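Below is one structure, written out as structure tokens; comments come after it.
The values are calculated or read from the model by the stated rules, or taken from the named source; none is laboratory data. Predicted model, so just to flag it, every value in this text is computed and none were measured. Glycine also receives a Cβ, built like all others from the backbone with ideal geometry; neighbour counts cover every protein chain displayed.
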Amino acid sequence: MKRTIRLLAIVAACTVSALAQSQDAPPEEAVAADAQPVEQPTPRYVDLRRMRPLTGNVAAGEAKSELCAACHGPQGISIAPTFPNIGGQRMDFMYWQLVEFKRNPDSPMSPLVADLTDQDMLDLSAYYASLTPPPADPAAEPEPVDATLARLGEQLYLTGDPAKGIPPCQGCHGVDANGHPDALRTDRDGHTPYASYPALRGQQAIYLQTKLAEYRDGRMDDSTTDFVMTGIGERLDDDSIQALSAWLSSLPPGQ
């Protein structure tokens, strides 16, 4: 009997102790509410070699494109030579450019994309990629192009300059300058490592000059494709940049 009473006393003491501890401890909901979220560090660069195919809503992108059209035109043809033509451009290239603008607070585009959601960027990229650039107006005066400079640009684009370590641009941007021919082909892991290489034909000459100079000067370092282009750009002198830009801008835009 005494043994039974002693056991009951021990059980009662343990119960009282447990209740006291549970009253002192905050409830799980309070702990979760008060806990500070752990901020994940932003990756230093984006690895575009391991990206998967992208999709977006063309109609939704068109509805969201009013602000873009102010600089890039209603059909994606720039209203000023410093802005790129984006009508018919590769979707993946445009999407990752928008991502880069959001990541880089120093870009002039950053304030314009700050409020875009990821879906907004996918939709806008899909819309502009769906556009067919309009044919050149036969009545319009063509921009004068130095024929000698353009020929040098074509040679650089197609064959490079081995003496300077410049590879042919067509290796990544296609022989027709419409982007890599295998851009949408997935590898064995389902990645599209060439999808983010842009089409270059019919692009604005001044825009091309600016971008190539940025690569040459080491100012582009936000993605693996930036690293590739920086390695090439540092081998380009002013004449090479002028020549490539002159030839590419003289080509009619195409799909």
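Can you tell me which residue in the stretch 49-108 is surrounded by the fewest Cβ atoms within 10 Å (Cβ to Cβ), limited to those that are closer than 21 Å to ALA213 by Cβ and acidic (Asp, Glu)? It comes out as ASP106. Of all the criteria given as (1) surrounded by fewer than 20 Cβ atoms within 10 Å (Cβ to Cβ); (2) without any contact (Cβ under 8 Å) to a residue 60 or more places away in the chain; (3) not in a loop (DSSP other than H, G, I, E, B), the one not satisfied by ALA129 is (1).
Residues in the stretch 176-216 that are out of contact with any helix residue (DSSP H, G or I) (no Cβ under 9 Å at 6 or more places or on another chain), of a type in the set (S, T, N, Q) and more than 25 Å from ASP237 (Cα to Cα): THR186 only.
Listed by first and then second residue, the pairs linking a residue in the stretch 183-195 that is over 18 Å from ASP226 (Cβ atoms) to a residue that is part of a loop (DSSP other than H, G, I, E, B), with Cβ atoms under 6 Å apart and 6 or more places separating them unless they lie on different chains, are THR186/THR192; GLY190/ARG52.
Among the conditions (1) part of a loop (DSSP other than H, G, I, E, B); (2) surrounded by fewer than 19 Cβ atoms within 10 Å (Cβ to Cβ), the only one that LEU149 does not satisfy is (1). The residues in the stretch 203-228 that are among the acidic types (Asp, Glu) and touching a residue at least 40 places away in the same chain (Cβ under 8 Å) can be counted, and the count is 3.
Any idea which residue in the stretch 28-81 is farthest from SER110 (Cα to Cα), counting only those that are modelled with pLDDT of 90 or more and hydroxyl-bearing (Ser, Thr, Tyr)? Taking the candidates together, the pick is THR55.
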